[in-house]
Amino acid sequence: MKPLGLRSARRENGPYSTVCTPVAPGRLPHLFGYTLIEMAVTLSITSILLAIAAPSFRDAILSARLSTNMNQLVHDLHLARTLAISNSEVITVCQSLDGRQCGSTPQWEVGWIVFKDLNVNRKVDEDETILHQRTALGPGLDIRFRAFGSSRNLSYYPTGWTWNRNGTFTFCDDRGASQARAIILHRTGRVRTSHLKAGGDALACP
């Protein structure tokens with residue numbers, strides 16, 4: 001007996017229907033698919049590619065996060081300088097954990113504030129206005145500021161200068177000093193980003 005195969009046939013003046021027709025021996029329809037060996041090879045290659053790509057993908061995410069946070073601080077420093085010049089006032093930027101008062105630790109990743117410092121005491125007094133606030137930047141990030149006089153604050157004067165104070169904000173994450181970045185502050189109040197210290201030495205992380 002010949003094996004049966006399926007085919008579509010059209011009735012006269014009617015729709016298609018499925019009918020069984022004999023199929024000659026050795027001419028059974030070929031079934032397309034993957035063998036178990038082919039699937040195993042494919043999965044092995046995919047695993048290898050993922051293992052190679054995963055570290056690079058993580059580095060890209062961390063680098064983008066670092067750049068975003070640096071841009072936020074650069075923006076706020078520009079804002080403070082612009083307000084000092086345009087309003088002829090002293091504007092202070094300081095790290096702040098609660099968003100209301102300047103903090104006493106050197107960690108800037110907890111956040112910072114920009115405020116009018118009328119008596120230039122680098123503290124938020126009752127008659128002084130907080131102009132801008134930046135909240136904590138999240139875990140895994142460390143920001144330190146090193147400058148002559150203080151590591152917790154800096155003030156812009158109506159000239160736009162920072163009273164002869166140069167400084168460096170160093171941004172680090174869990175990749176260490178090899179991927180650290182810096183914001184270099186010149187006493188004129190202008191800032192720039194760098195992979196090195198102001199003097200050209202390598203950056204260090206705490």
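Only the coordinates and a few stated rules stand behind these numbers; no lab work does. This is a predicted model, so every value here is computed, not measured. Ideal geometry is used to build each Cβ from the backbone, glycine not excepted, and the neighbour counts take in all protein chains shown.
Looking only at the stretch 96-120, how many residues end up being part of a strand (DSSP E or B) and either closer than 16 Å to His78 by Cα or over 23 Å from the mean Cα position of the chain (by Cα) (or both)?
Residues that pass the stated criteria total 5.
I want to confirm something. Restricting to the stretch 148-201 and keeping residues that are outside any loop (DSSP other than H, G, I, E, B) and of a type in the set (A, V, I, L, M), which single residue is surrounded by the fewest Cβ atoms within 10 Å (Cβ to Cβ)?
Per the stated criteria, the residue is Ala177.
Restricting attention to the stretch 99-119, which residues are over 26 Å from Ala64 (Cβ atoms) and either surrounded by 12 or more Cβ atoms within 10 Å (Cβ to Cβ) or in contact with a strand residue (DSSP E or B) (Cβ under 6 Å, 6 or more places away or on another chain) (or both)?
Result: Gln101, Cys102, Gly103, Phe115, Lys116, Asp117, Leu118.
Just to be sure before I move on: is Ser155 closer than 17 Å to Val90 by Cα, free of Cβ contacts under 8 Å to residues at least 40 places away in the same chain and hydroxyl-bearing (Ser, Thr, Tyr) in the structure I sent?
no
Given the structure, is Ala204 crowded, with 18+ Cβ neighbours inside 10 Å, among the aliphatic types (A, V, I, L, M) and either within 26 Å of Ala64 (Cα to Cα) or touching a residue at least 24 places away in the same chain (Cβ under 8 Å) (or both)?
no
Quick grid of which residues meet (1) over 20 Å from Arg187 (Cα atoms); (2) in contact with a helix residue (DSSP H, G or I) (Cβ under 7 Å, 6 or more places away or on another chain):
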| residue | (1), (2) |
| --- | --- |
| Ala64 | yes, no |
| His78 | no, no |
| Ser88 | no, no |
| Val93 | no, yes |
| Thr170 | no, no |
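I need the full set of residues from the stretch 62-88 which are farther than 28 Å from Gln179 by Cβ and either under 17 Å from the mean Cα position of the chain (by Cα) or surrounded by fewer than 16 Cβ atoms within 10 Å (Cβ to Cβ) (or both), in order please.
The answer is Thr82, Ser86, Asn87, Ser88.
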